[in-house]
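Trainee: Below you'll find the structure I mean.
The values are calculated or read from the model by the stated rules, or taken from the named source; none is laboratory data. Only a predicted model underlies this, so the values are computations on that prediction, with no experimental measurement involved. Here the Cβ is made from the backbone with ideal geometry for all residues, glycine too, and neighbour counts use every protein chain on show. These accessible areas exclude ligands, DNA and RNA; they are computed on the full protein's heavy atoms, side chains included. Shrake-Rupley method; radii C 1.70, N 1.55, O 1.52, S 1.80 Å.
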Amino acid sequence: MEAFVGIVVVVILIAVIRGVIAAATDRVQAARAVREVRKAIEKGLAVSCRDDVIHEKEGGRALSVVRVQVSGAIVVPRAPLAATLRVRIIDITDSTERPQPLFCVIPEMSDEDGLYRFDHAITIPYHCSEVANMPVTALPSFALVGPKKGSRRVRVVVAVTEAGTDDQVFAAGETTVTIKLDTTGYLEIAERTKAREKQIATLAIAVSGSDGHFDKRESAVIRRFFSERFAKCEDSSERRRGVTETLQQTLDQMQSGRASASELIAQLCAELASDDDEIVQQSAYELCVQVVAADEAVDPRESRCLKLVAEGLRLPREFVQATHERHLRLAMFDQIDDEQSIGMPAGMTREEKIEYLNGEYRKWRSRATHKDPKVAAEASVRLERITKLRGQLVDA
Amino acid sequence: MKAPAIGIDLGTTYSALAAINPAGKPEIVPNKEGERITASAVYFQPGGSVLVGQLAVDAAQGDPGRVVRWIKRKMGDAAWSFSVDGEDYSPVDISALILKKVRQDAEAVLGQIRHAVVTVPAYFDETRRKATMDAAAKAGLELLRIINEPTAAALAYAADGRVRGTVLIYDFGGGTFDVSIVNIESAESVSVLSSEGDHELGGYDLDLALAAHLDSLFKESFGVRLLDDQRPAIVHRTIAEAERAKRRLSSMMTAPSIALNWGGHVLNASVDRVAFERIIKDFVVRTEMLIDNALSAAKVTPEQIDAVILVGGSTRIPMVQRLLRDKFHKDPLKHVNPDEAVALGAAIQSAVIMQGRGLLDLPGTVGEVLKRTRLQDVTNHSFGTISIGSAFGRQCLRNSIIIPKNTPIPCSKTDEFQTIVAGQTDARCQITQGEDEDPEFVNTITEGVLELPPGRPAGCTIRVTYSYDANGRMACEFLDVESGRQKRFELDVRGPQTHRKSQSDERVNFDDLVIE
């Protein structure tokens, strides 16, 4: 354990004093010994912190940490005793009355909920021990996630408890320290998530209306997407309300002609793309594709719209193709170019085309035996399309 | 010989049975009608008796509603059944009737038959293989092994002794297409390098395409269609005429006098080879793409192919032979009858197994050669399990392939996975078949739950071992390494899933946008 490397423990053998007392014939000496013991106990643990930097490995990244150390007395009912040295931290920047939790992304330094936790097994050798400037641990500020990013007031609590339980505390102390958190806070993430949800909702309804028609099946897809998303959250009523209002406002704006699908799409894609969160971007695009597929027909306007969204979100071609394959069937398209329908990139040579077609044939051939008749039927249609293109290349 | 060594080619349009003669050579055993191949057709006669073979095909002319053909295409389809006289017959039941017919006819010549090797298309999946095994059992056969059709054909050619080296087996049958790249070292050593196929691509598809062409000619002339589901007898007759024309076009440039008639209208149509080849071109192109894939999987170029072997009746089509000649710059071999090669090879494999088990007693060199004969086949699909992986930067369910397609069999492969969360008390074990990484596009063959001890951290190792036997069947084990708990699987084949229903087409109002 790094915290204990180079440990400088000054353990004063207070317990020895008991023997001294017992042996002492001099009552004055005994009284002095008892006073010293009491004084030591009253001190409890003084916790102190200092900023430091560690390196990942030689020449690696410099990582900021806060070193924690304690001084004071630890009195236990019997000795030697197996105990646990515990460190807990809370964020009191906004309120000391309602402190907020701090999470740690290092699994070994967090509990099952992700909260920072440091527990270390120690043996207290004597009935009464005193420590001075004993290093306890290094708080990994680089790996902590608080409510918000930046400088935070953090209360650091150190306790020595009986091993295996925190019911009996033998010694404890605390201090407050300022720690600079580099990671975006969870409250900020929650706020951003809410904003992203509204953006995705707006984008989806804009795509839904891009063919000039809002279909119940499309709205059902949007509702399902958010319902599933919120089902995993403990308290999502505010988020549900927010998304519902956004959807209704956007529908109203589009139906009244105050907003156009293309303008909304351009604006929202720019906003979503600026965040550089590819998971959000991919989720948004997948929802758009599902919305387009919901009414079993892909209007040319919807096709253009999807292209706009894919480009706007700067999504990789492979992802776009895989998403289309999952949700769009060729039969949904009124008109679609053969090469475009199977996702063949433009500008390929004849040999590259043959290679691409072979790959696509291999992929869809395997899907043609799928148990879901919808998947199998789509595979058959695509195989026909691929075969036709290959035949044309042979003729050429 | 103690008992006959039998190989059966259970084909889409025709089936054949071969046996090993006392000299150790495979030979076709004709059916009781004297035909070397038996039509895979079943006629349920009024009164309850059943006819199998050409008589059933003939009966279809007048009574198509009681005749089943091309049943091989329905193998493994749990939802399909043929209902007649209040009885439902599954594809397994009907295939068993065909197997029983060829077995009983051969018994009249060879005496009692108990054991056999039965062939399946290389591209048959687990469901279809299992259905074929069930059909054999139902026909009273103790199945020694099921082997892939092109592999059986390779054995027949290997035994024939005139082919050695890297060989491409082009098996274009009545209902299925397979292509295998095989290394024939000697009569005693045959190993498959790769296999590809399509069990919805065969001569029957060409018949249907040509029938559709004839139908359009008839409609042009008389304004009525022949291929109308309401008139099954006419549909049947039109397809039969198309098939006859197809056969003639293999040796003639024009198939004249194709008699089409219905409702007092008579048309003597003709189709020339150029038109026919235009009609079937897409099918032939599909076989070429599968060839390319098989070559690529075997890491072999067309120039490295020493011989091309033709198997299956559809290889008689000149366009097919031309394609192969152009691609490989050599004449395809057909000195073993394309209709019989598979059954002959299956009989050899049967003799190899029986000799090994002491069920057959071929004397001298022949017996020794059989004992030494080694056949190495490959898996025709990839098998895997569903685990947490990542795609396009996000964590999601992925299909992790454990036994990749074209792995030599028998084989056993092990992979390790970790539990995801602390305190995880069970692991879902799914066995998938398919090459896709996306679980959406693979079939789950079977699944179950491995119960895990409580109170453990995340990251406990689950060791997954898949074993694939020489019959092309699989066993799987999921083992929790720490506790020793395991889940073993016998394959439980699931029926096909159903379509989702279409929803309404009403317009949206605000209430439709309330998230619940």
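Trainee: Residues of the range A:342-396: accessible area per residue at 1.4 Å, in Å²?
Mentor: 41
Trainee: Which whole-number percent gives the relative contact order of chain A, counting Cα pairs below 8 Å spaced six or more residues apart? Please report the intermediate quantities before stating the final value.
Mentor: On the way: 618 pairs, mean separation 48.7, N = 396.
The normalised contact order for chain A reaches 12 percent.
Trainee: Counting only other chains, what is the mean number of Cβ atoms within 10 angstrom of the Cβ of each residue in peptide A:290-297?
Mentor: Numbers: counts 0, 0, 0, 0, 1, 3, 3, 0.
Taking all residues of A:290-297 together, the mean is 1.
Trainee: Roughly speaking, what is the stretch gain from B:Ser257 to B:Ser189, that is 0.36 nm per residue apart minus the C-alpha to C-alpha distance, in nm to one decimal? The partial results should precede the final answer.
Mentor: Working: separation 68, 0.36 × 68 = 24.48 nm, distance 4.93 nm.
Stretched out fully, the B:Ser257 to B:Ser189 stretch lengthens by 19.5 nm.
Trainee: Carbon and sulfur atoms: what percent of the 1.4 Å accessible area of the protein assembly as shown do they account for?
Mentor: On the way: 19910 of 40790 Å².
Looking at the protein assembly as shown in its full context, I get 49 percent from C and S.
Trainee: Gain in length, B:Gln104 to B:Asp426, computed as 0.36 nm per residue apart minus the alpha-carbon separation, to one decimal in nm?
Mentor: Working: separation 322, 0.36 × 322 = 115.92 nm, distance 5.10 nm.
Between B:Gln104 and B:Asp426, full extension yields an extra 110.8 nm.
Trainee: Check which residues have an amide H placed less than 5 Å from A:Ala171's amide H, if you skip close sequence neighbours.
Mentor: Counting only residues 5 or more places away or on other chains, the set is A:Val160.
Trainee: Could I ask something else about it? Report the per residue volume, in Å³, of the convex hull enclosing the C-alpha atoms of chain B.
Mentor: Working: hull volume 108.2 nm³, N = 516.
Dividing the Cα hull volume of chain B by its residues yields 210 Å³.
Trainee: I'd like the interface area for chains B and A: accessible area of each alone minus the complex, both sides summed, 1.4 Å probe, protein heavy atoms only. What is it in Å² to the nearest 100?
Mentor: Numbers: alone 23760 and 22030 Å², together 40790 Å².
By this definition, chains B and A bury close to 5000 Å².
Trainee: Here's another thing I want to ask about it. Rank these residues by their accessible area, most exposed first, probe 1.4 Å: B:Tyr157, B:Tyr89.
Mentor: Numbers: B:Tyr157 0, B:Tyr89 55 Å².
The most accessible residue leads, giving B:Tyr89, B:Tyr157.
Trainee: Given a 1.4 Å probe and the protein chains all in place, what does the accessible area of A:Val280 round to, in Å² to the nearest 10?
Mentor: Only protein atoms counted, so the area is about 30 Å².
Trainee: While we're looking at this one, here's another question. Between A:Lys232 and A:Arg350, with labels modelled 7 Å along Cα→Cβ, what's the label distance in nm to one decimal, could you check?
Mentor: Going by the 7 Å Cα→Cβ label model, 5.0 nm.
Trainee: Mind checking the mean number of beta-carbon atoms from other chains within 10 Å of the Cβ atoms in A:299-307? Please report the intermediate quantities before stating the final value.
Mentor: On the way: counts 0, 0, 0, 0, 0, 0, 0, 0, 0.
Mean number of neighbouring Cβ atoms from other chains: 0.
Trainee: Residue separation times 0.36 nm, minus the C-alpha to C-alpha distance between B:Glu482 and B:Lys371: what's the value? Can you show the working numbers first?
Mentor: Numbers: separation 111, 0.36 × 111 = 39.96 nm, distance 4.32 nm.
Extending this stretch completely gives an extra 35.6 nm.
Trainee: Quote the accessible area belonging to B:His335 in square angstrom, nearest 10, computed with a 1.4 Å probe and with ligands, DNA and RNA left uncounted.
Mentor: Approximately 70 Å² for this residue.
Trainee: Quick one: accessible surface of B:Ile6, probe radius 1.4 Å, all protein chains present, in square angstrom to the nearest 10.
Mentor: Looks like 0 Å² after rounding.
Trainee: Over what distance in Å are the Cα centres of the range B:351-393 and the range B:192-250 separated?
Mentor: Computed from Cα coordinates, the inter-centre distance equals 37 Å.
Trainee: Follow-up question, since we're still on this one. Near A:Arg192, within a Cβ-to-Cβ distance under 9 Å, what is the net charge of the other residues, with Lys and Arg +1 and Asp and Glu -1? Write down the numbers at each step before the final one.
Mentor: Numbers: positive: A:Lys194, A:Arg196; negative: A:Glu188, A:Glu191, A:Asp275, A:Asp277.
So the environment of A:Arg192 carries a net charge of -2.
Trainee: Please tell me the relative contact order of the range B:249-323 in percent, rounded to the nearest whole number, where contacts are Cα pairs under 8 Å and at least six residues apart. Before the final figure, lay out the partial values.
Mentor: Values: 46 pairs, mean separation 19.9, N = 75.
With pairs under 8 Å counted, the relative contact order is 26 percent.
Trainee: How large is the helix-only mean residue ellipticity at 222 nm for chain B, computed as the sum of -39500 (n - 2.57) over DSSP H runs with n ≥ 4, divided by its residue count, in deg cm²/dmol to the nearest 500? Working shown, then result.
Mentor: Numbers: 10 runs with 154 residues, N = 516.
The per-residue figure over chain B is -10000 deg cm²/dmol.
Trainee: Between B:Gln61 and B:Glu220, what is the FRET efficiency for a Förster distance of 22 Å, r being their Cβ-Cβ separation, to the nearest 0.05?
Mentor: On the way: r = 25 Å, r/R0 = 1.15.
That pair, B:Gln61 with B:Glu220, gives E of 0.30.
Trainee: Can you give me the C-alpha center-to-center distance between the range B:1-34 and the range B:87-109, rounded to a whole angstrom?
Mentor: Here the answer is 15 Å between Cα centres.
Trainee: Add +1 for every Lys or Arg and -1 for every Asp or Glu among the other residues with Cβ under 11 Å from the Cβ of B:Ile147, and state the total. It would help to have the intermediate numbers written out before the result.
Mentor: Working: positive: B:Arg129, B:Arg145; negative: B:Asp9, B:Glu149, B:Asp377.
Value of the local net charge: -1.
Trainee: Can you tell me how the range A:47-183 classifies by the Cα gyration tensor, rounded, prolate or oblate, using a/c under 1.5 as the rounded cut? It would help to have the intermediate numbers written out before the result.
Mentor: Values: a/c = 1.92, a/b = 1.58, b/c = 1.22.
Prolate shape, in that a/c is at least 1.5 and a/b is the bigger ratio.
Trainee: What would the Debye equation give as log₁₀ I(q)/I(0) for the range A:260-396 at q = 0.11 Å⁻¹, counting only Cα atoms as equal point scatterers?
Mentor: Calculated log10 I(q)/I(0) at the listed q: -0.45.
Trainee: Enter the Cα centre distance for the pair the range A:197-216 and the range A:128-159, rounded to the nearest angstrom.
Mentor: Taking the Cα centre of each part, the range A:197-216 and the range A:128-159 sit 48 Å apart.
Trainee: About its Cα centre, how strong a charge dipole does the protein assembly as shown have in debye, to the nearest 20, once Lys and Arg get +1 and Asp and Glu get -1 at the Cβ?
Mentor: 1340
Trainee: At a 1.4 Å probe radius, which order do B:Lys101, A:Lys374, A:Lys180 fall into by accessible area, largest first? Before the final figure, lay out each step's value.
Mentor: Numbers: B:Lys101 20, A:Lys374 50, A:Lys180 130 Å².
The residues order as A:Lys180, A:Lys374, B:Lys101, largest area first.
Trainee: With a point put 7 Å past each Cα toward its Cβ, work out how far A:Ala79 is from B:Glu440 in nm, to one decimal.
Mentor: Simple spin-label model gives 6.7 nm for this pair.
Trainee: Additional query: Could you work out, residue by residue across B:437-444, how many beta carbons of other chains sit within 10 Å of that residue's beta carbon, and then give the average as an integer? Display every interim value, and only then the final one.
Mentor: Details: counts 1, 4, 0, 8, 12, 5, 8, 1.
The mean count of partner-chain Cβ atoms within 10 Å per residue comes to 5.
Trainee: For the range A:187-336, max minus min Cα coordinate along each principal axis, in Å, sorted largest first?
Mentor: Dimensions of the range A:187-336 along the principal axes of its Cα atoms: 46, 35, 26 Å.
Trainee: To continue, here is another question. Using the Cβ atoms and a cut-off under 12 Å, what net charge is assigned to the surroundings of B:Ser270, where Lys and Arg are +1 and Asp and Glu are -1? Walk me through the numbers before you get to the answer.
Mentor: Working: positive: B:Arg248, B:Arg273; negative: B:Glu241, B:Asp272.
Charge balance near B:Ser270 sits at 0.
Trainee: From largest accessible area down, sort B:Lys130, B:Lys371; use a 1.4 Å probe on the protein chains. Mind dumping the intermediate values first?
Mentor: On the way: B:Lys130 60, B:Lys371 105 Å².
Heavy-atom accessible area, descending, gives B:Lys371, B:Lys130.
Trainee: I need the peptides A:89-101, B:275-287, A:339-351 ranked by packing, meaning the mean over residues of other C-beta atoms within 10 angstrom, with the highest value on top. Before the final figure, lay out each step's value.
Mentor: Details: A:89-101: 15.1, B:275-287: 19.7, A:339-351: 12.8.
Put in order of decreasing packing, that is B:275-287, A:89-101, A:339-351.
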